[in-house]
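Since the structure comes first, as structure tokens, the remarks are kept for the end.
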């Protein structure tokens, strides 16, 4: 099977004033191959603050799609490639998983 990689954002930091500029985002890469799953690759990136005129309001910017795009734009293609390789490699080395029994 082929490994599926999904970029996910977690908590983010934003300014309390104005449009609520988001300037720091936590991200994670979830790797799945059949019944093997791993989301241990994660990081945080700091975004550059745009001018007020170019800034999108947090109420419309804070979506998974837009935040992941912002993270990837900040990281650049070389870092993205390395992160995805690392997430795929970590999954390939996984030999155990965890579960919780239902009541």
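Checking residue 4 against (1) surrounded by 15 or more Cβ atoms within 10 Å (Cβ to Cβ); (2) touching a strand residue (DSSP E or B) at 6+ places or on another chain (Cβ under 9 Å), which test does it fail? The single condition residue 4 does not satisfy is (1).
Comparison of 83, 101, 70 shows that the only residue that is without any contact (Cβ under 8 Å) to a residue 60 or more places away in the chain, more than 20 Å from residue 3 (Cβ to Cβ) and in a helix (DSSP H, G or I) is 70. Residues in segment 22-67 that are without any contact (Cβ under 8 Å) to a residue 12 or more places away in the chain and in contact with a helix residue (DSSP H, G or I) (Cβ under 9 Å, 6 or more places away or on another chain) were compared, and the one that is nearest to residue 95 (Cα to Cα) is 66.
In the set 23, 39, only one residue is under 15 Å from the mean Cα position of the chain (by Cα), surrounded by fewer than 16 Cβ atoms within 10 Å (Cβ to Cβ), modelled with pLDDT of 95 or more and in a strand (DSSP E or B); that residue is 23. Out of 74, 94, 66, 30, one residue alone is surrounded by fewer than 15 Cβ atoms within 10 Å (Cβ to Cβ), touching a strand residue (DSSP E or B) at 6+ places or on another chain (Cβ under 7 Å) and at pLDDT 95 or above. It is 74.
Per this entry, residue 44 is counted among residues that are part of a strand (DSSP E or B), surrounded by fewer than 16 Cβ atoms within 10 Å (Cβ to Cβ), touching a strand residue (DSSP E or B) at 6+ places or on another chain (Cβ under 7 Å) and at pLDDT 95 or above.
Counting the residues of segment 1-20 that are part of a loop (DSSP other than H, G, I, E, B) and touching a helix residue (DSSP H, G or I) at 6+ places or on another chain (Cβ under 7 Å) gives 4.
The values are calculated or read from the model by the stated rules, or taken from the named source; none is laboratory data. Just so we're clear, the structure is a prediction, and the values are computed from it rather than from any experiment. Every residue, glycine as well, gets a Cβ built from its backbone with ideal geometry; the counts of neighbours run over all protein chains shown.
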